[in-house]
Amino acid sequence: MDTAEVILSVLVVVIIIVSLLSNVLVLICFLYNPEIRKQVPGLFNLNLTFCNLLLTVSNMPLTLVGLVSQAQPGGDGFCQIVGFLETFLSTNSMLSMAALSIDRWIAVVFPLRYHSKMRHKDAAFVLGYTWVHSVSFSTVAACLSWVGYHRLYASCTLANPRASSRTQFVIFTVFFHSFTFLLSFIVLCFTYLKVLKVARFHCKRIDVITMQTLVLLVDIHPSVRQRCLEEQKRRRQRATRKISTFIGTFMLCFAPYVITRIVELFPAVPINPHWGIVSKCLTYSKAACDPFVYSLLRHQYKKTCTDIINKLLKRSSLNASGRRQENQGNSIPTAE
């Protein structure tokens, strides 16, 4: 292994650890807090967390093994199963992010009709589509033997070792990424830009009311006026920053890999083997950052984490005080 491969191996290990811990924490919050379970977005988050956890424990370690050993991990049958899982889970994750954006769009643009438009059965229907979509493409690839070990990515994924079916594989790859990555990206852009437009409109209304109030309060202290103006600026930037995070992380993590897969279809274009691993690591990193982007940085999840920690510390404190009292009771001499 050269220096670059060692660095990439360490990166994969870090991604596995962060992804495993963060997604397990989201799952614990979901099981602990009944309010999160009652909310419709919680179902989409649960599905996304499920996909990320499965990807973390099934595909990422095998990619690490393939990178270190520079050989296929396991036999062909085993690698085909892992490749099927990788295609299914990555597709399901992208579509789950698109479903979350649709939920936010309905909640912000149609707030009065949200509960009638996005009920639990509606969310179940959307999730059903994501599963059918993911299973369909994964099954077609597996049945046509288009999943296997790919040396460029050091992982079991979409691959076409036979020259006889190259044309069909090219068509399938283009359709697959168009109806998965490109479709999800278009949905994210449309929904979140609509959300940003509504958020800016509300911020503008709040700013007008605030400025009218500041004009009426002629005796207001300059420092208070300055703090109000700074809060206006932060409010405008907050909405833009959130939308940029949702769309930016999606593009940063998935676009390099998808573009590499498309470029790979042209044999005349050489691809650096280290870049193949880097693009694969970027897709894996999405599983590590999704818990923070969609869940753990939200107030409800942070409060749930705090409650869990406080409960554990309180229980530990009670157990420790109980042991101290028991030890003190045992140390008191008894009168004979």
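Leaving ligands, DNA and RNA out of it, rank GLU86, GLU35 by accessible area with a 1.4 Å probe, largest first. Walk me through the numbers on the way to the answer.
On the way: GLU86 15, GLU35 95 Å².
Result, largest first: GLU35, GLU86.
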> Which semi-axes, in whole Å and largest first, does the equivalent ellipsoid of the range 1-103 have when worked out from the alpha carbon gyration tensor as the square roots of 5 times its eigenvalues?
Replying inline: 30, 16, 11
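Which of rounded, prolate or oblate describes the range 96-200 when judged by the alpha-carbon gyration tensor and an a/c cut-off of 1.5?
prolate
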> Working from the pairwise distances between different alpha carbons, so that the mean of 1/r is found and then inverted, what is the range 80-146's Kirkwood radius in Å?
Replying inline: 13.1 Å
> Rounded to the nearest 0.05, what FRET efficiency is calculated for LEU193 and LEU21 with R0 set to 22 Å and r the Cβ-Cβ distance?
Replying inline: 0.10
>> Students often get this wrong, so check it: of LYS121/LYS197; LYS194/LYS242; LYS242/LYS286; LYS117/LYS194; LYS242/LYS311; LYS242/LYS303, which have C-alpha atoms separated by over 25 Å?
In response: LYS121/LYS197; LYS242/LYS311
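Whole number in Å², please: accessible area per residue of the range 264-313, 1.4 Å probe, ligands, DNA and RNA not counted.
Solvent-accessible surface per residue comes out at 53 Å².
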> Can you tell me the accessible area per residue over the range 26-163, all protein chains present, probe 1.4 angstrom, in square angstrom?
Replying inline: 44 Å²
> Suppose R0 equals 51 Å; then what is the FRET efficiency for SER69 and PHE110 from their Cβ-Cβ distance, rounded to the nearest 0.05?
Replying inline: 0.45
> With r defined as the distance between the Cβ atoms of THR240 and ILE271 and R0 fixed at 41 Å, what FRET efficiency is calculated, to the nearest 0.05?
Replying inline: 0.70
> When the solvent-accessible surface of protein heavy atoms is calculated with a 1.4 angstrom probe, in what order do ASP122, ASP76, ASP290 fall, highest first?
Replying inline: ASP76, ASP122, ASP290
>> I need to check one value: relative contact order of the range 30-130, counting alpha carbon pairs closer than 8 Å and at least 6 residues apart, in percent.
In response: 36 percent
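The values are calculated or read from the model by the stated rules, or taken from the named source; none is laboratory data. Just so it is clear, the structure is predicted and the values come from calculations on it, not from any experiment. Don't worry about glycine lacking a Cβ; one is built from the backbone with ideal geometry, like all the others, and counts go over all protein chains shown. Remember, those area values only see protein heavy atoms, side chains included, never the ligands or the DNA or RNA. Shrake-Rupley method; radii C 1.70, N 1.55, O 1.52, S 1.80 Å.
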